[in-house]
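Heads up, the thing below is written out as structure tokens.
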Amino acid sequence: MTVVRREPLADQAAELLLERIRSGEWPLGAKLPGETTLAPQLGVGRSTVREAIRQLAGRGILTTRQGAGVFVTALDAPEDWTRTVARADILAVIEARIAVEVEASALAAARRTPAELRALKKSLRERETHRTAIEEHVDTDIVFHRTIVVAAHNPILLDLFDGFTPRNRHAMIEMLRTRGTHGDDADHDTHRRIYDAIADRDGVTAAAVTRDHLSSLTTALGR
């Protein structure tokens with residue numbers, strides 16, 4: 001039986017427990033054995049087992065139910081979101097943007113407030129003003145799209161958008177530099193159409209134009 005051999009004991013005990021969960025020894029929803037059973041199996045004291053359980057609870061793997069015991073709530077620890085996005089191919093990022101922003105545009109058309117519509121109009125003007133310098137163009141474009149997500153009034157969509165914004169910004173700058181053109185009238189007209197649809201509370205059109213716009217980026221990548 002594998003036991004903990006070196007410091008830090010709690011960290012190693014947590015990893016050993018996680019390995020056993022991954023292997024299927026305890027399926028989703030299963031109750032773990034008590035501390036008195038786990039401690040000798042891992043070769044550590046009961047206090048170390050408690051700390052290991054606390055670590056896995058903090059990672060969403062286990063949960064402690066008062067008076068009932070410790071239960072498996074996930075079969076693996078999710079990878080850090082920032083690292084996942086940082087490694088993602090730009091196509092994957094654009095596909096994620098489609099998933100988030102198409103729905104956000106539809107929701108924004110239904111939920112936007114007058115103040116949010118004014119903010120969106122201002123961001124559209126800023127985007128039009130900054131068409132020359134690539135980095136400024138990308139930054140004002142991001143502000144425009146983020147303003148739409150804010151107007152959707154869905155905090156999860158906003159967290160997702162913000163989560164892949166740094167990777168998206170870097171990729172868009174590199175793509176536009178390679179392409180050699182950006183910010184033309186047709187591109188800006190597309191964004192104006194998105195604004196107009198949201199202003200008219202036309203969620204179907206807002207979503208459709210957003211999807212077409214973001215899908216065209218995959219074509220620009222030659223995918």
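Conditions (1) crowded, with 17+ Cβ neighbours inside 10 Å; (2) at positive phi; (3) free of Cβ contacts under 8 Å to residues at least 40 places away in the same chain; (4) not charged (D, E, K, R), marked per residue:
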position: GLU15; (1), (2), (3), (4): no, no, yes, no
position: GLY60; (1), (2), (3), (4): no, yes, yes, yes
position: ARG87; (1), (2), (3), (4): no, no, yes, no
position: ALA106; (1), (2), (3), (4): yes, no, no, yes
position: ARG111; (1), (2), (3), (4): no, no, no, no
position: ARG118; (1), (2), (3), (4): no, no, yes, no
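Within the range 200-220, residues that are closer than 14 Å to VAL102 by Cα reach partners that are charged (D, E, K, R) with beta carbons closer than 6 Å, at six or more positions or on different chains, in the pairs VAL209/ARG193; THR210/GLU101; LEU214/ARG97.
Among residues of the range 123-159 being surrounded by 20 or more Cβ atoms within 10 Å (Cβ to Cβ) and of a type in the set (Gly, Ala, Ser), the one that is farthest from GLU101 (Cα to Cα) is SER123. Scanning the range 174-213 for residues that are open to solvent by 20 Å² or more (accessible area, probe 1.4 Å) and polar (S, T, N, Q) turns up THR178, THR181, THR190, THR205.
One residue stands out among those in the range 73-85 that are within 24 Å of VAL150 (Cβ to Cβ) and either of a type in the set (A, V, I, L, M, F, W, C) or buried (at least 17 other Cβ atoms within 10 Å of the Cβ) (or both): the one that is modelled with the lowest pLDDT, which is TRP81. Considering each residue of the range 62-79 in turn, none proves to be within 19 Å of LEU9 (Cα to Cα), part of a helix (DSSP H, G or I) and assigned by the TED database to the domain that holds ARG20.
The values are calculated or read from the model by the stated rules, or taken from the named source; none is laboratory data. Everything numeric here is computed off the predicted structure, so don't read it as measured data. Don't worry about glycine lacking a Cβ; one is built from the backbone with ideal geometry, like all the others, and counts go over all protein chains shown. Note: accessible area is taken over every heavy atom of the protein model, side chains too, but ligands, DNA and RNA are not part of it. Shrake-Rupley method; radii C 1.70, N 1.55, O 1.52, S 1.80 Å.
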